[in-house]
Amino acid sequence: MFAKAHQLDVTASDLKVIEAALHTQTKILDVQAAAGGAAARSQLNEVKRVLAHVSQQKPVKSLASNCNSWFNLRCLFSGKARV
C-alpha cells in the first residue's frame, strides 16, 4: 500500500510551488470527474492524497511568531508570551 519514501531536499518556496500546482491539478480533475470521467476521479483521489501528504510536510511556524497576542493562550502557558 505504501511506497518506499525517499528523502528530497526542497526549499519552502519549492514546496509552495508544488502545493499550488497540486491545487490547480485538483481543480482540473474535479471538472473532468464531474463530467463523468472515472479515470479522472481515480487520479483526483490520488492527487488529493499527495496534496495532503505535501501539506503535512510544510514547515510549522515557530511559536515565537504566533505569540504577538494576549489571546493566544498556548503562548501564555508555554512561557513564550511577551509581557
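The values are calculated or read from the model by the stated rules, or taken from the named source; none is laboratory data. Everything numeric in this text was worked out from a predicted model, so none of it was measured. We place every Cβ from the backbone using ideal geometry, glycine too, and count neighbours over all the protein chains shown.
Quick check on segment 7-18: of everything there that is charged (D, E, K, R) and surrounded by 10 or more Cβ atoms within 10 Å (Cβ to Cβ), which residue is nearest to His53 (Cα to Cα)? Give the steps one after another, and end with the answer.
So in segment 7-18, the residues charged (D, E, K, R) come out as 9, 14, 16.
Filter once more, keeping what is surrounded by 10 or more Cβ atoms within 10 Å (Cβ to Cβ): 14, 16.
Values: Asp14: 15, Lys16: 13 Å.
My answer is Lys16.
Taking segment 30-48, which residues are surrounded by fewer than 10 Cβ atoms within 10 Å (Cβ to Cβ) and part of a helix (DSSP H, G or I)? Show your work before the answer.
Residues of segment 30-48 that are surrounded by fewer than 10 Cβ atoms within 10 Å (Cβ to Cβ), as a first pass: 35-36, 38.
Answer for segment 30-48, where residues must be surrounded by fewer than 10 Cβ atoms within 10 Å (Cβ to Cβ) and part of a helix (DSSP H, G or I): just Ala38.
Quick grid of which residues meet (1) loosely packed, with under 14 Cβ neighbours inside 10 Å; (2) touching a Phe, Trp or Tyr at 6+ places or on another chain (Cβ under 7 Å); (3) modelled with pLDDT of 95 or more; (4) assigned to a loop (DSSP other than H, G, I, E, B):
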{"site": "Phe2", "(1), (2), (3), (4)": "yes, no, no, yes"}
{"site": "Ala5", "(1), (2), (3), (4)": "yes, no, no, yes"}
{"site": "Ala20", "(1), (2), (3), (4)": "yes, no, no, no"}
{"site": "Leu51", "(1), (2), (3), (4)": "no, no, no, no"}
{"site": "Pro59", "(1), (2), (3), (4)": "yes, no, no, yes"}
{"site": "Arg74", "(1), (2), (3), (4)": "yes, no, no, no"}
{"site": "Phe77", "(1), (2), (3), (4)": "yes, no, no, no"}
{"site": "Lys80", "(1), (2), (3), (4)": "no, no, no, yes"}
